[in-house]
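Encoded as structure tokens, the structure appears first; notes follow it.
The values are calculated or read from the model by the stated rules, or taken from the named source; none is laboratory data. Just so it is clear, the structure is predicted and the values come from calculations on it, not from any experiment. No Cβ is skipped: glycine too gets one built from the backbone with ideal geometry, and neighbour counts run over all protein chains shown. Areas reflect the complete protein model, heavy atoms only, side chains present, ligands, DNA and RNA absent. Shrake-Rupley method; radii C 1.70, N 1.55, O 1.52, S 1.80 Å.
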Amino acid sequence: MPYFSNFFRLALIAFVLVLPATQDIRATGEIAFVRAPEEIPEGDDVTVVVSATGRETNLDRVLALEYPDSWKIKRAFSVEAGAQTSVRLLRDEEVSALLTPEAGHAVVALGENSEEFDPESDGMAYFVVFSTKPGLSTTTTQTLTVKAALIERTSLDAISEIDPKTKKPKPTNKNWRMTFPPKADFSFTGIVSKRLAVTIRTERVLRTARAVVLEGRKATSASLRTLPEAIREYFAHPFSIQFWFRTTGIQQCFFRLNSENGEELRIGTGLIGQPTFSEVRPVRKLFTASKSLVADGLWHNLVISRDSLSKLRLFLDAQPALISEIPKGLFENITSLTIGDTNADNDFAIDELKLLRTAYREPPDFNRAITTAARDTIHNAFAIFHFDDHGLTARSSVPLKQQFPNGENIGFLPIMITLDTLAQIIETTSPVQLDETMLAADLLSPTRVSISWKTTSELGIKQYRIERRVGTFGAYEKALTIEAKHGLRAPKKGQSVISRNGYSAAEDLPTLSGDIELFYRLAIIGFNEKEPPTYSVPVKLEYGVDKDVFVEQNQPNPFNPTTQIAFRLVKPTTVRASVFDILGREVAVFVNGKLEAGRHTYPLDATNWPGGIYFYKVKTSRTTITRKMILAK
């Protein structure tokens with residue numbers, strides 16, 4: 001397995017532990033956490049990886065873990081350096097019964113249940129996958145701890161540990177001992193080293209972004225449907241395939257690229273969960289593989305790009321590319337693209353798949369607004385899948401343009417991905433959002449405005465500038481400037497580009513009179529002063545001293561199938577708020593009665609409505625305001 005031995009050699013050198021001076025407890029191995037996400041969405045699965053030195057003797061040893069009691073172990077396995085397969089880890093009931101958890105935690109001992117080992121091995125790694133079900137806490141974020149220890153069967157000639165006070169041997173378990181860190185008991189109290197204890201923040205994230213999910217699904221797939229000739233033409237020229245994914249599995253096949261003569265290329269992960277691009281048929285050959293572990297349960301961004309000089313670039317999370325030479329003509333006969341592997345277990349989700357007719361060479365070519373849904377007007381797009389569909393079909397938002405050989409347009413054909421009955425498109429914690437910053441504004445009083453926005457990544461963002469325009473026409477004026485909380489010029493190796501942040505600011509309005517419209521937008525400023533800022537979609541506020549209700553534009557808009565409608569009342573009054581279709585028929589009433597002063601929000605679910613234009617009307621005794629919204633199905 002390329003890079004495998006080197007990975008563990010480096011990991012073990014970097015995380016080697018120094019044992020306390022004692023002659024009474026001897027360890028035949030050392031361990032250290034080498035991978036654990038700093039932050040995860042609550043409810044998503046997560047993988048922690050513990051590296052270990054190779055076994056020097058045939059003594060039994062198990063990995064002991066302490067973890068939050070609201071979590072459950074989904075699966076566990078180990079991989080030895082140089083091996084071609086993983087080994088399932090089983091719960092050791094005898095040792096698990098000896099462990100003492102701290103408050104709010106559960107414990108487990110995991111072993112291979114095998115006496116076979118390689119004393120010359122460079123090391124091994126333990127992979128443990130947890131399902132992080134929400135706990136009892138009502139807070140939106142929690143900081144949780146996972147601890148590890150190594151427990152080994154006592155050697156027959158082991159020397160008992162001497163109590164320094166009584167000078168007598170301490171009572172010990174005659175069969176097992178915690179040897180790393182060396183402790184006389186089986187508790188995790190006092191284990192605080194960063195090598196053996198990691199903290200993971202969980203954040204409550206709304207599951208609004210839909211993605212295609214093949215998690216826990218066997219022999220399932222989703223296939224790109226369009227003209228084979230169009231796929232062949234796409235891969236015959238420079239291209240880039242970019243997508244977001246999350247997985248806790250190893251040896252996953254994200255995409256299969258097949259030719260009519262049986263050749264197959266794969267984009268996926270390797271034996272230790274590293275991104276790979278390889279050939280499967282007619283011969284097995286690995287073209288490129290990252291050293292980064294991505295089977296951690298986090299969302300990652302991957303780009304596979306091929307230029308006209310037969311150079312293949314693999315970009316992971318907007319880091320500098322891994323570049324490899326590939327044979328000319330490797331992609332010439334590709335006529336199909338399939339998500340997943342029908343002959344193996346699938347355990348991943350994919351969102352925002354872009355098939356582009358261009359080759360990327362550096363991360364700045366694509367990393368700005370990396371978590372923003374691509375505009376459907378991208379001129380070099382072959383297909384873009386947002387996966388915001390329902391059912392078993394995902395449609396590309398960019399149709400396929402067909403032409404006669406003489407260049408005359410034939411028309412446009414749809415491109416779609418069809419799912420089998422085991423794959424699904426569902427709401428996930430994907431970081432992809434409609435706009436780089438989801439901006440909202442609220443008129444708190446006739447003299448004060450509240451502005452808020454959310455981001456899922458601040459890669460390339462240095463600061464935000466709030467700009468205001470009074471009236472429909474005229475220029476925007478600077479109102480406020482706020483520094484980015486987690487502005488990132490360029491990610492470091494292994495660093496996530498996802499940073500979910502919320503901002504809020506308030507502005508005192510200048511003196512205004514009459515009924516006017518206020519517009520706010522965000523100027524998003526990068527680290528390169530020569531580059532112009534990008535701008536958020538403006539939001540509009542209605543200002544009027546005589547109005548008793550102010551109605552906001554629904555968010556998001558367009559939407560599918562849910563959105564939120566909000567309005568603010570100046571004083572208590574009777575309100576009727578309803579929705580009408582394009583023919584003027586009332587299709588829903590979401591409030592009809594007296595409400596208190598302040599801001600009121602209402603969710604709207606249009607799952608069973610046909611797509612199209614709708615209007616929502618908010619009516620009081622003095623004011624009637626109507627807004628247009630689009631249900632994009």
- Item | For region 261-374: relative contact order, % (alpha-carbon pairs under 8 angstrom, 6 or more apart) | 16
- Considering the options Thr226, Thr418, Val539, tell which one lies farthest towards the positive end of the dipole of the chain, charges being +1 on Lys and Arg and -1 on Asp and Glu at the Cβ, about the Cα centre. Val539
- Shape descriptor, region 211-324: equivalent ellipsoid semi-axes (Cα gyration tensor, sqrt 5λ, whole Å, largest first) stand at 22, 18, 14
- Item | Area of Met438 that stays accessible when all protein chains are in place (1.4 Å probe, Å², to 10) | 60
- How much net charge surrounds Ser305 when only other residues with a Cβ under 12 Å from its Cβ are counted (Lys, Arg +1; Asp, Glu -1)? +3
- Item | Rounded to 5, percent antiparallel among DSSP beta bridges of region 433-530 | 95
- Item | Rg and Dmax of region 489-633, Cα atoms only, in Å | 19.0, 60
- So for region 298-384, what percent of the C-alpha to C-alpha distances run longer than 22 Å? 36
- Relative contact order, percent, of the chain when contacts are C-alpha pairs under 8 Å separated by at least 6 residues? 10
- Message: With a cut-off of 8 Å between alpha carbons and a minimum separation of six or more residues, what is the relative contact order of region 557-620 in percent?
- Response: 45
- Note on the chain, DSSP bridge orientation, antiparallel percent to nearest 5 equals 95
- Helix-derived [θ] at 222 nm for the chain: sum -39500 (n - 2.57) over DSSP H runs of at least 4, divide by residue count, nearest 500? -1000 deg cm²/dmol
- How would Phe519, Phe331 line up by accessible area, probe 1.4 Å, largest first? Phe519, Phe331
- Which of the peptides 205-215, 219-229, 607-617 is most tightly packed, and how do the rest follow, judged by the mean count of other Cβ atoms within 10 Å per residue? 205-215, 219-229, 607-617
- Using only Cα atoms, what is the ratio of the radius of gyration of region 266-340 to 2.2 N^0.38 Å? 1.12
- Using alpha carbons only, how many degrees (0 to 90, rounded to 10) separate the axis of helix 4-14 from the longest principal axis of the chain? 80
- Query: Any idea what % of Cα-Cα pairs in the chain are farther than 37 Å?
  - Reply: 47
- Item | Kirkwood hydrodynamic radius over Cα pairs of region 557-612, then Stokes diffusion coefficient at 25 °C and 0.890 mPa s, in µm²/s | 195
